[in-house]
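A.B. asks: What follows is a structure written as C-alpha cells; I'll ask about it next.
The values are calculated or read from the model by the stated rules, or taken from the named source; none is laboratory data. The model shown is predicted, which means the values in this text are computed figures rather than measured ones. Glycine gets a Cβ as well: all are built from the backbone with ideal geometry, and neighbour counts include every protein chain shown. We work out accessible area using only protein heavy atoms, side chains counted, and drop any ligands, DNA or RNA first. Shrake-Rupley method; radii C 1.70, N 1.55, O 1.52, S 1.80 Å.
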Amino acid sequence: MTEKKPEIIRDPQELQRRLTELRKQGKTIGLVPTMGALHYGHLSLVIAAKEESDISVVSIFVNPTQFAPNEDFDKYPRTLDDDVDLLSQIGVDFIFAPTPEKMYPRGFKSTVQVGGLSEVLEGSFRPTHFNGVTTVVLKLFNITGADFAYFGQKDYQQVAVVKKMVRDLNLPIEIISCPIIREEDGLALSSRNRYLSPTDRKNAIILSQSLQKAEKLIHSGERNAQTVRDEIRRMIETVPNAQIDYIAIVDPDSLIELENIAGNVVILLAVRIGSTRLIDNWIVRPK
C-alpha cells in the first residue's frame, strides 16, 4: 500500500464538482460510506474500493437522522485524525467529512423510505433508523456519482435495504457487500466494541459462538427454525447481562422469517451485552 494523504473535502458541492470532472475523464468512482471510528472491517471495504475503482472516496459522517433520541449519537466515537492516518496508509483519494449543517441545511424536510425490508428486525426496534440511513446514503450517491458503493455484511439488513432502494429508484450504482471481519475469537468488528467493559468484551463472543453452533445444527440436518433459535437463545442466556432483542432466521433476500429451513438462510442477532447493543449475522448454506 502507498502512503498518500487523502484530500479532505467538507462541502458537498465542492466534492460533487471535483468528482464530476473526474467522471468526465472516464474515471470510475468507488464510495465507502462510514461514520468514522474506523477499524479493519471498514478498511477491508476501502481496500476493495481501491482495487476495483479508479478513484476512492470514503465518507466520514456521524449521521444524526439514523439515531433515535434515546440512542448514542452524542457519545458515538469521533476519531477523524486517527481515521485520516489509517486512510493515508491505504492511499485513499478523497475523504468527505461534512458537518450536519452541510448535509441537512435549514428547512430540510425530505426523507427516503424503503417499505417492507426497513420495517422488520432492526426496523421494529428502531423505527426511524432506516429512513435516516437511506436518506443519507442517497445523498452520498448523488453527491459522489459513484459507480460502486461498498458496505459490510455485518449490517446485513442495511445492505438489503440499500440494494432495494437502488432497484426501486433505478439508481446507476452497484452495491457491493463485503464479508464480516472478525477478531481472532470471533467477535465481529464494530465501532461500538470500544464501549464494552473487559468482562462484557469477553462475554460478547457468545454471539458468534451461538451462530456457529446454529450452523452446525443445520448442517447436521436440523430443519426446524424454532429449534435452532431455541439453541441460540439458550447459549446467549448463559451470559450475565445479556438481553436479546431478536434472534431471526430469514430468507436472504426478502428477510421473511422462516419456520422450515429448506435452502440458504441468514441468522441475525441483536443482543445487548451490558449497556452495549451488538448485532451479528451468519449466512448458512445447508448441506
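A.B. asks: With everything on Cα atoms, drop me the angle between helix 225-236 and the longest principal axis of the chain, reported from 0 to 90° to the nearest 10.
C.D. replies: In the chain, helix 225-236 runs at an angle near 80 degrees to the longest axis.
A.B. asks: While we're on this one: Enumerate by residue number the trypsin sites (Lys or Arg not before Pro) in the range 89-137 meeting two conditions: DSSP loop (anything except H, G, I, E, B), and at most 11 other Cβ atoms within 10 Å of the site's Cβ.
C.D. replies: Sparse-neighbourhood loop trypsin sites (Lys or Arg not before Pro): ARG106, LYS109.
A.B. asks: Tell me whether the chain comes out rounded, prolate or oblate; compute the Cα gyration tensor, take square roots of the eigenvalues as a ≥ b ≥ c, and use a/c under 1.5 as the rounded threshold.
C.D. replies: Prolate, since a/c reaches 1.5 and a/b exceeds b/c.
A.B. asks: Related question: Quick check: at a probe of 1.4 Å, how many percent of the accessible area of the chain sits on carbon and sulfur atoms?
C.D. replies: Carbon plus sulfur share of accessible area: 48 percent.
A.B. asks: Classify the range 43-153 from the C-alpha gyration tensor, please: rounded if a/c falls under 1.5, else prolate or oblate depending on whether a/b exceeds b/c.
C.D. replies: Judged from the Cα gyration tensor, the range 43-153 comes out prolate (a/c at least 1.5, a/b above b/c).
A.B. asks: How would you order 89-96, 272-279, 214-221 from highest to lowest mean count of nearby Cβ atoms within 10 Å?
C.D. replies: Packing order, densest peptide first, comes out as 89-96, 272-279, 214-221.
A.B. asks: Can I ask one more? Lys/Arg Cβ at +1, Asp/Glu Cβ at -1, dipole of the range 64-196 taken about the Cα centre: which of ILE90, ASN193, THR111 is farthest positive-ward?
C.D. replies: Going by the charge dipole, the pick is THR111.
A.B. asks: Further question on the same structure: For the range 107-180, what does the alpha-carbon gyration tensor say about shape, rounded, prolate or oblate, given a ≥ b ≥ c as the root eigenvalues, a/c under 1.5 as rounded, and a/b over b/c as prolate?
C.D. replies: oblate
A.B. asks: Output the peptides 127-135, 143-151, 256-264, 197-205 sorted from most to least packed, where packing is the average of other Cβ atoms within 10 Å over each peptide's residues.
C.D. replies: Packing order, densest peptide first, comes out as 143-151, 127-135, 197-205, 256-264.
A.B. asks: Over the chain, with the other protein chains present, what is the accessible area per residue in square angstrom, probe 1.4 angstrom?
C.D. replies: Normalised by residue count, the accessible surface of the chain is 48 Å².
A.B. asks: How big is the antiparallel share of DSSP beta bridges in the chain, given as a percent to the nearest 5?
C.D. replies: 50 percent
A.B. asks: If you don't mind, there's one more thing I want to ask. Below 8 Å, C-alpha to C-alpha, sequence gap of six or more: please give me the relative contact order for the range 121-235 in percent.
C.D. replies: Result for the range 121-235 is 18 percent.
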